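Colleague: After the C-alpha cells below, expect a handful of questions from me.
The values are calculated or read from the model by the stated rules, or taken from the named source; none is laboratory data. Nothing here was measured: the structure is a model prediction, and the numbers come from that model. Using ideal geometry, Cβ is built from the backbone for each residue, glycine included, and neighbour counts are taken over all protein chains shown. When the accessible area is computed, the model is the full protein with side chains, heavy atoms only, and any ligands, DNA or RNA have been set aside. Shrake-Rupley method; radii C 1.70, N 1.55, O 1.52, S 1.80 Å.
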Amino acid sequence: MKKRLSMGKLNKVMLLIAVILIAAVIQTGQQIMAFADVSTTAEPTGDAGCVYIAGDPDGFPMEYYNEATHEYEGIMPDALKLVSEKTGLDFVYISAGTEDQRQRLLKNNQVQMITGYATVEFSDVASDKLKKRVTSALNGITDREWKELSQNYLYEGDRNTEPQWQRLLKRWHWALITPVVIILLICIAKERKKAFVAGMEDGTLRMGDENYFSYNFDKKIRENLRQIYYIFFISIDNDYVKHFFETDEFKEVLRHTAQIISDNMGKDDIIARISDGGFGVALQCSNREAAEDWADNLLSELSDFGGIVSTDKKPVVRCGICPASGHEADASGLLFTAHQCFLRAEKEEKLYVFQSGDLKREQEERRLLIKNTMSSIKNGEFRLYLQPVVLAETGEIAGAEALTRWEHPTQGLLPPSRYVALLQEIGTIGELDFFVFEEVCKNLAKWRGTPMEKMHISCNFTRMSIGTEDFDARIREIASRYSFDRSRLVIEITEDTMVKSAENAIKNIEAILEEGFSCCLDDFGSGYTSFTDLRDYPFNLVKLDRDIILGTESESGRELINGLVALCHSMNKEVICEGVENKRQLEVIRQAGGDYVQGFYFYKALPVPEAEKIMAGIQSSP
C-alpha cells in the first residue's frame, strides 16, 4: 500500500512540474485553447457506425476529461479529428469523469479502442479494417501537424500585437520546454504503467492475476521466443477447493503452493493466480522432457503439506502442460489448453497430462463450442424442458423442474453436460439462469386458470448467478412482468453456493422469500454441505442428492435416508428425492417419509408442450 501511495505522489509531483512549466509559457500572454468538437457520450451505445473510445481522463496535455465542458480534450482528440477528416470515421469518447475506466471497458469489449500517451490499443471487437484505417491515418500525421496540435495547448493569441521580447520567447520556448515536458511525460507514463500492472493483482496472495499473466506474456515473450516456453496450469484438486474455500487453512495452502512454484522458476518466467486454486506458469524449458521433469519435481515437492493442513484430507496438486509455440499463440488460448490438460489429469487421476494430438482435437472442438455460446442465448437456441415431480405417496404430478437443451446449429440437440461447464467457464452461465427463470415465470402465468394452476416449477441458480450484487433486483424486475402465484415458483440453490458466496447467499435467499417464492437447498448430501446450512438458511425444501438414493442398496444407505428425511421434517422442511430409477428405490423413499420424487422411473425431461399434456392429464405417462 505504501508503494502504491508513493507512486501516486510521484505522479502528482511530475504533473505539477509539467503544469508549472507550461504555465510559465502561458504567462507570456497566451491562453489554453479548448477543443470542443470531439463527441463524448455517457454510455457506449447508440450509433453503430461510430468508433467508441475509452480515453485517459487526466493525461493533460495529451488527453484529459474537461469536467466543465463534459468533453475529452487534448492533443490526441485533436489528432483523431484529423483522422476523422481523412477517413470519414466518427469517434465518440465514453465519459468517465475523473475515473480511468480504459481497461475495464476494453476487457468488456464496450469500446473499439483506448488511447493514452501517443498510443492506441484496440479491443477484440475492433475489425482488422478499422485497425488498419486508424493506424494508417495516425501514422500519416506529419511532424508539423503534431507540433501545431501540441501548440494549441500551450498558447494562443495574436503574435503581431505582442511585444518583441514575447515573440522571441515564443519562437524559442518550444525548443526549450519540449525536452523537459517529453521527459516528464515519459516518467509519468512509466509510473502509470507500473500502477496499471499493480492493479492486476490477486487480493489474497498479492500476486498477478490472469490479466497480469496475459499482459506480461504478450509483452515480454516475443513470437520467436515462444518455442522455448511451456505453459503450465497447476491447481489444487476441486474437492479440496470447494470444501475449504475462504478458510484460513486454504489461504495458507495457496501461499505455500505459490511459494514453492516461485522458488522453482527463473527470472524470465511468469506466474499468476488464474482460478480459486489454480496458477498459470510460463516457463522456459529446452524440450518436452525438460518440461515433464520440472512438473515431476514440482509436484513431488508439493505433495507434502505437513504442518499446514490440519485435516486428514490433504490437497492433491495436479497440472496440465502445453507448448507455448503453435497456432494458439495468445496467452488466454494457451492457458485454456493447459487447463483442459489439467482437467484430463484430474479425470484420469494422473499428476499431470501433456497436450497430445487427440486432446488437441478435443480442445479445438471445445473452443469452437465456447465461441458459439457467446451468442446462443440471444439467438434463442436454448429450449426449456420440464421434468415432472410427483408426490411420493401417490405418484400424482405435483410440479416440475425446469431444465434446458441447446439446439446447436451444427451439432444438434445438446444436453446440459455439454454446455453448462462451458458457460460457467466463460462467465455467461448467469444469462442462462435468468433466461430459464423468465421462461418459468411465463409458463406459470400461462397456466393460470388451467388444470396446472396449482403446480409448481423449480429452476436452478448457480453460484455465479446468485452471488451477484444485483441478483434480488433482477429477479424482482423479471417477475414483475408476469402475474402468477409466487409460491408456485421454487428457486433451487446448490450447496457450493453457500460455501463460496456465504455473505451474499443469506441476503439473496431472504430476497427470494420476501418476493413470495419458495427456496430449495439442492444436492443435499453431495459432499460440500455442512448440516449447519439447514440451521442457518431459511429453506422451504431440501432436495437429496442422487447419490443418496443410489446408496439405498445397502442397509446403512437406507438408514441414512431415513435419518435425513426425519431431520428435515423436524425442521419443517419438505424433502424431494431425485434420481429415482426403479420401484425398490421408490419404496425406500416412501418408507422413509419422503415428500416428492423425481426421476426416470416416472418421467424424463420433456419439451414444454409434451410435459404440459402429461401434467394436464391429456396424455398418459411415457
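Colleague: Has the range 450-462 got at least one residue that is basic (K, R) and either in contact with a Phe, Trp or Tyr (Cβ under 7 Å, 6 or more places away or on another chain) or more than 25 Å from V390 (Cβ to Cβ) (or both)?
Modeller: Looking through the range 450-462, none of the residues is basic (K, R) and either in contact with a Phe, Trp or Tyr (Cβ under 7 Å, 6 or more places away or on another chain) or more than 25 Å from V390 (Cβ to Cβ) (or both).
Colleague: Hey, another quick one. Given (1) loosely packed, with under 15 Cβ neighbours inside 10 Å; (2) under 28 Å from Q103 (Cα atoms), identify the lone condition not met by G208.
Modeller: (1)
Colleague: Inside the range 594-607, can you point out the residues that are in contact with a strand residue (DSSP E or B) (Cβ under 8 Å, 6 or more places away or on another chain) and open to solvent by 20 Å² or more (accessible area, probe 1.4 Å)?
Modeller: Listed by number, the residues that qualify are D595, Y596, F602, Y603, K604, P607.
Colleague: Counting just the residues of the range 59-83 that are assigned to a strand (DSSP E or B) and buried (at least 17 other Cβ atoms within 10 Å of the Cβ), which one comes out modelled with the lowest pLDDT?
Modeller: The extreme case among them is G59.
Colleague: For the structure I just gave you, tell me whether N572 is more than 26 Å from P451 (Cα to Cα) and part of a loop (DSSP other than H, G, I, E, B).
Modeller: Values: more than 26 Å from P451 (Cα to Cα): yes; part of a loop (DSSP other than H, G, I, E, B): yes.
Here the answer is yes, as N572 does meet what is asked.
Colleague: Just name the residue that is surrounded by the most Cβ atoms within 10 Å (Cβ to Cβ) out of those in the range 228-256 that are under 13 Å from A282 (Cβ atoms) and out of contact with any helix residue (DSSP H, G or I) (no Cβ under 7 Å at 6 or more places or on another chain).
Modeller: Going residue by residue through the range 228-256, those that are under 13 Å from A282 (Cβ atoms) are 228-234.
Now restrict to residues that are out of contact with any helix residue (DSSP H, G or I) (no Cβ under 7 Å at 6 or more places or on another chain): 228-229.
Details: I228: 17, Y229: 21.
Result: Y229.
Colleague: So, one more: Restricted to the range 119-141, and to residues that are without any contact (Cβ under 8 Å) to a residue 40 or more places away in the chain and among the charged types (D, E, K, R), which residue is least open to solvent (accessible area, probe 1.4 Å)?
Modeller: K131
Colleague: Just give me the residues in the range 49-58 being part of a loop (DSSP other than H, G, I, E, B) and of a type outside the set (G, A, S), in sequence order.
Modeller: Within the range 49-58, the subset part of a loop (DSSP other than H, G, I, E, B) is 49, 55-57.
Answer for the range 49-58, where residues must be part of a loop (DSSP other than H, G, I, E, B) and of a type outside the set (G, A, S): D56, P57.
Colleague: Six or more apart or on different chains, Cβ atoms under 6 Å: show the pairs whose first residue is in the range 577-599 and within 13 Å of D545 (Cβ to Cβ) and whose second is of a type in the set (F, W, Y) and outside any helix (DSSP H, G or I).
Modeller: V580/Y601
Colleague: I'd like to verify a number: residues in the range 367-414 that are modelled with pLDDT under 80, over 25 Å from the mean Cα position of the chain (by Cα) and hydrophobic (A, V, I, L, M, F, W, C), how many?
Modeller: 0
Residue by residue, here is whether (1) under 17 Å from E401 (Cα atoms); (2) among the aromatic types (F, W, Y) holds:
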site: L560; (1), (2): no, no
site: M571; (1), (2): no, no
site: V575; (1), (2): yes, no
site: I589; (1), (2): no, no
site: Y596; (1), (2): yes, yes
site: A605; (1), (2): yes, no
site: A611; (1), (2): yes, no
site: G617; (1), (2): no, no
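Colleague: For the condition open to solvent by less than 60 Å² (accessible area, probe 1.4 Å), modelled with pLDDT of 90 or more and part of a strand (DSSP E or B), what is the one hit in V565, V542, V588, V580?
Modeller: Values: V565 fails: part of a strand (DSSP E or B); V588 fails: part of a strand (DSSP E or B); V580 fails: part of a strand (DSSP E or B).
Criteria check complete, one pass: V542.
Colleague: Under 8 Å between Cβ atoms, at least 6 apart or on separate chains: pull out the pairs that start in the range 441-452 with a residue that is touching a residue at least 12 places away in the same chain (Cβ under 8 Å) and end on any residue that is surrounded by 14 or more Cβ atoms within 10 Å (Cβ to Cβ) and among the hydroxyl-bearing types (S, T, Y).
Modeller: Close Cβ pairs (under 8 Å, with a partner that is surrounded by 14 or more Cβ atoms within 10 Å (Cβ to Cβ) and among the hydroxyl-bearing types (S, T, Y)) amount to C441/Y482; K442/Y482; L444/Y482; A445/Y482.
Colleague: Looking at (1) touching a helix residue (DSSP H, G or I) at 6+ places or on another chain (Cβ under 6 Å); (2) farther than 20 Å from D124 by Cβ, find the lone condition where L80 falls short.
Modeller: (1)
Colleague: Here's something else I'd like to know. Looking at the structure I just gave you, is T115 more than 14 Å from S39 (Cα to Cα), open to solvent by less than 10 Å² (accessible area, probe 1.4 Å) and hydroxyl-bearing (S, T, Y)?
Modeller: Taking the combined requirement at face value, the residue satisfies it.
Colleague: Scan K147, K86 and give me the residue that is modelled with pLDDT under 80, more than 21 Å from P57 (Cβ to Cβ) and not in a strand (DSSP E or B). Outline the logic, then answer.
Modeller: Values: K86 fails: modelled with pLDDT under 80.
One residue alone meets the criteria, K147.
Colleague: Which condition number in (1) modelled with pLDDT under 75; (2) under 16 Å from Y52 (Cβ atoms); (3) among the polar types (S, T, N, Q) is the one that S127 fails?
Modeller: Every condition holds for S127 apart from (1).
Colleague: Shifting gears a bit: Does G278 satisfy the condition of being within 24 Å of P323 (Cβ to Cβ), in contact (Cβ under 8 Å) with a residue 40 or more places away in the chain and not hydrophobic (A, V, I, L, M, F, W, C)?
Modeller: For G278, the condition - within 24 Å of P323 (Cβ to Cβ), in contact (Cβ under 8 Å) with a residue 40 or more places away in the chain and not hydrophobic (A, V, I, L, M, F, W, C) - is met.
Colleague: Right, another one. Mind telling me which of the residues E555, E612 ends up being at negative phi and open to solvent by 70 Å² or more (accessible area, probe 1.4 Å)? Break it down stepwise before answering.
Modeller: Working: E612 fails: open to solvent by 70 Å² or more (accessible area, probe 1.4 Å).
None of the others qualify; the one that does is E555.
Colleague: Would the range 183-191 turn up any residue that is open to solvent by less than 40 Å² (accessible area, probe 1.4 Å) and modelled with pLDDT of 70 or more?
Modeller: Within the range 183-191, not a single residue is open to solvent by less than 40 Å² (accessible area, probe 1.4 Å) and modelled with pLDDT of 70 or more.
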